[in-house]
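Taking it in order: structure first as structure tokens, then the write-up.
The values are calculated or read from the model by the stated rules, or taken from the named source; none is laboratory data. All values reported here derive from a predicted model rather than from experimental measurement. Glycine also receives a Cβ, built like all others from the backbone with ideal geometry; neighbour counts cover every protein chain displayed. What goes into the accessible areas is simple: the full protein's heavy atoms, side chains included, and nothing from ligands, DNA or RNA. Shrake-Rupley method; radii C 1.70, N 1.55, O 1.52, S 1.80 Å.
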Amino acid sequence: MIKKIGVLTSGGDSPGMNACIRAIVRTANYHHIEVIGFKNGYEGLIDNVFVPLKRESVSGIIHKGGTILKTARSKRFMTDEGLKQAQSNILKHQINGLIIIGGDGSFKGAMALNNGLNIPIVGCAGTIDNDLVGTDFTIGYDTAINTVVEAIDKIRDTAESHDRIFVVEVMGRDAGLIALRSAIASGAEALLIPEIKNDLEMLVSKIKNWRSSKSSKIIVVAEGDEAGGAYKIAEVIKRESPDSDIRVSILGHIQRGGNPSCMERVNASIVGYHAVLGLQNGERNKMVGIINNAVVFTPFEKVVKHIDTIDPGLEKMLEVLSS
Ligand code: F6P
């Protein structure tokens with residue numbers, strides 16, 4: 001019988017986390033389950049910083065970016081001492097379920113936490129990168145790609161006016177999904193992502209052969225690409241093709257903020273709602289995700305295995321459509 005649960009957000013924040021917290025609290029409240037929220041991710045578990053979350057505590061947050069619980073990438077949690085402290089606080093609270101909203105690092109943390117504690121933990125995928133096994137969409141991804149596309153559309157206006165090349169760097173340390181989707185949607189001319197071996201020489205020869213009728217050229221690069229980032233790429237292009245007028249734009253953390261999109265709010269609500277139902281139905285150490293419109297629980301061990309999630313067909317399509 002689940003009577004009391006804890007919830008926390010961990011790792012990089014992402015738009016839609018608040019909608020997920022709201023769904024968790026409202027579902028728990030409906031089933032007469034008490035909820036406490038730990039602040040600042042695993043830091044709050046270690047320091048026992050928490051707030052009771054009631055029905056009203058989550059009013060007026062569904063449309064807001066960020067996370068009302070705040071978040072952190074906790075270094076202390078990676079130490080034995082920090083982990084033990086967090087485990088001992090969980091026992092003190094006598095909670096019989098924990099919901100963690102975060103990315104793969106957060107779920108690795110959940111596995112460590114559960115080692116020796118044996119408390120049911122369910123995860124909700126929260127990261128703009130969409131790089132988790134076990135779900136088609138992570139919370140934050142849809143909003144982030146829409147932010148990127150809006151930004152590139154604006155960059156396109158100025159690029160066209162000046163006949164310029166722009167190298168636009170987007171987020172994604174280990175994953176190029178934000179870059180791929182936004183490149184397709186913004187009609188970008190080239191893409192560099194960590195999952196695909198890139199050849200800068202080929203990029204330069206492609207640039208030299210671009211039709212002169214193309215007045216603007218947008219190259220989207222994921223921050224984790226091995227080519228060394230947008231400035232390095234721009235430098236190589238300028239060196240090999242000195243006539244090109246080239247600028248760099250690094251979109252940075254604007255990609256993590258903003259009001260969540262409609263799809264984000266709905267998906268975040270679905271996974272938050274099912275996280276609570278899952279705990280009640282005996283799910284443990286699994287992440288709740290959405291695959292082909294169905295709710296799916298996947299064990300954390302599978303979720304944290306970063307696999308290549310890039311569809312080569314989409315990459316090829318981009319090449320054809322931008323030719
Ligand atoms: O994991 C989400 C993410 O936004 C990545 O795309 C990016 O590399 C990283 O977080 C940046 O993290 P921070 O805000 O801690 O620098």
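So here's what we get for this one:
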quantity	calculated
Cα-only radius of gyration and Dmax that characterise region 142-256, units Å	12.9, 37
Net charge over other residues, Cβ less than 14 angstrom from the Cβ of LEU8 (K, R count +1; D, E count -1)	0
Protein-only accessible surface order, largest first, of ARG76, ARG156 at 1.4 Å	ARG76, ARG156
Two-decimal Rg/Rh across the chain, once Rg and the Kirkwood Rh are taken from alpha-carbon atoms	1.05
Separation between Cα centres of region 1-38 and region 287-323, rounded to whole Å	26
Solvent-accessible surface ranking, highest first, for CYS124, CYS262 at 1.4 angstrom	CYS262, CYS124
Rounded accessible area of LYS84 (nearest 10 Å², 1.4 Å probe)	130
Whole-number accessible area per residue in Å² for region 169-323, which is evaluated in the context of all protein chains at 1.4 Å	50
ILE5, ILE68, reordered so the largest accessible area comes first (probe 1.4 Å)	ILE68, ILE5
Segment LYS108-SER161, extension gain: residue separation times 0.36 nm, minus the distance between their alpha carbons	14.3 nm
Percent accessible area from carbon and sulfur atoms, region 142-256, protein chains only, probe 1.4 Å	46
Of VAL149, VAL221, VAL271, the one that fluctuates the most in a GNM where the chain has Cα springs shorter than 10 Å	VAL149
Förster-model FRET efficiency, 35 Å R0, ASN48 and MET1, C-beta, rounded to 0.05	0.90
Nearest-0.05 FRET efficiency for ASN118 and ILE36, computed from C-beta distance (R0 25 Å)	0.80
Nearest-10 value in Å² for the accessible area of ARG247, using the 1.4 Å probe	100
Förster radius 41 Å - calculated FRET efficiency between ARG76 and SER213 (Cβ-Cβ, nearest 0.05)	0.10
Nonlocal amide H pairs with GLY123, under 5 Å, H built at 1.01 Å	ILE100, LYS286, MET287, VAL288
